[in-house]
Amino acid sequence: MTGETARIDRALTGPYWAAVDEHRLVRPRCNSCGRSHFSPQVACPRCQSTDWTYEPSTGRGEVVSHTTVHRPPDPSFTAPYVVADVEMDEGWRLLTWIVDCDPADVTIGMRVEVCFVPGADGETLPAFRPAEATA
C-alpha cells in the first residue's frame with residue numbers, strides 16, 4: 001500500500017473504526033441521493049457524489065445469504081463459524097459473521113443485531129447475533 005493509498009484509506013475508514021471502538025455501528029450515507037452504502041468509498045456508488053457522511057445505524061438487519069466455514073484460513077479462527085451477508089434496516093449490506101448461536105440455526109431471513117467482539121489482535125470488531133424478539 002502506498003503512502004497516498006494508506007492516507008485515503010484512513011480518512012475513509014477512520015470514523016467507522018472509531019465508532020466500532022465505542023461499540024457503535026455507523027454507515028456512510030450520501031447527502032445527495034440519501035442512500036446508505038458500505039464499504040466507505042470516495043464517491044457514492046449510486047450517484048457518484050463525494051458529499052457523504054457517517055450516520056448511526058440501528059445495528060439491526062436480516063441475513064440474506066450465509067455459509068459455514070469448517071476450515072479456517074488461519075489457526076486464530078475457531079471453526080465452524082458463519083459468514084453472512086446482512087441487509088441492514090437502513091438498506092445497506094455488510095459482510096460479517098454470526099455469533100452466539102449454533103451455525104446450523106442460522107437461516108436466510110433471520111433477524112440479527114450487532115454486537116462487538118474482540119478480534120485476534122485485541123481490536124474490537126462488529127459481529128451479529130440473533131436479534132432479541134420484540135413484542
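Before moving on, here are some points about what is shown:
- Any hit, the range 2-18, residues being in a loop (DSSP other than H, G, I, E, B), open to solvent by 40 Å² or more (accessible area, probe 1.4 Å) and either of a type in the set (Asp, Glu) or in contact (Cβ under 8 Å) with a residue 12 or more places away in the chain (or both): no
- Exactly one residue out of GLY109, GLY119 is farther than 24 Å from ASP9 by Cβ and out of contact with any helix residue (DSSP H, G or I) (no Cβ under 8 Å at 6 or more places or on another chain): that is GLY109.
- Some residue of the range 30-40 being touching a Leu at 6+ places or on another chain (Cβ under 9 Å) and either of a type in the set (Asp, Glu) or at pLDDT 95 or above (or both): no
- The number of residues in the range 47-104 that are of a type in the set (A, V, I, L, M), over 26 Å from ASN31 (Cβ atoms) and modelled with pLDDT of 95 or more comes to 9.
- Extreme residue, surrounded by the most Cβ atoms within 10 Å (Cβ to Cβ), among residues of the range 26-38 that are in a loop (DSSP other than H, G, I, E, B) and of a type in the set (Gly, Ala, Ser): SER32
- When each of PRO56, PRO126 is tested for being open to solvent by 40 Å² or more (accessible area, probe 1.4 Å) and either under 14 Å from the mean Cα position of the chain (by Cα) or of a type outside the set (S, T, N, Q) (or both), the lone residue that passes is PRO56.
- The range 39-53: number of residues that are in a loop (DSSP other than H, G, I, E, B), of a type outside the set (D, E, K, R) and surrounded by fewer than 16 Cβ atoms within 10 Å (Cβ to Cβ): 9
The values are calculated or read from the model by the stated rules, or taken from the named source; none is laboratory data. Bear in mind that the values here come from a model prediction, so they are computed numbers and not experimental data. Backbone-built Cβ (ideal geometry, glycine too); neighbour counts: all protein chains shown. Ligands, DNA and RNA are stripped out before the accessible areas are found, and what is left, the full protein with its side chains, is counted by its heavy atoms. Shrake-Rupley method; radii C 1.70, N 1.55, O 1.52, S 1.80 Å.
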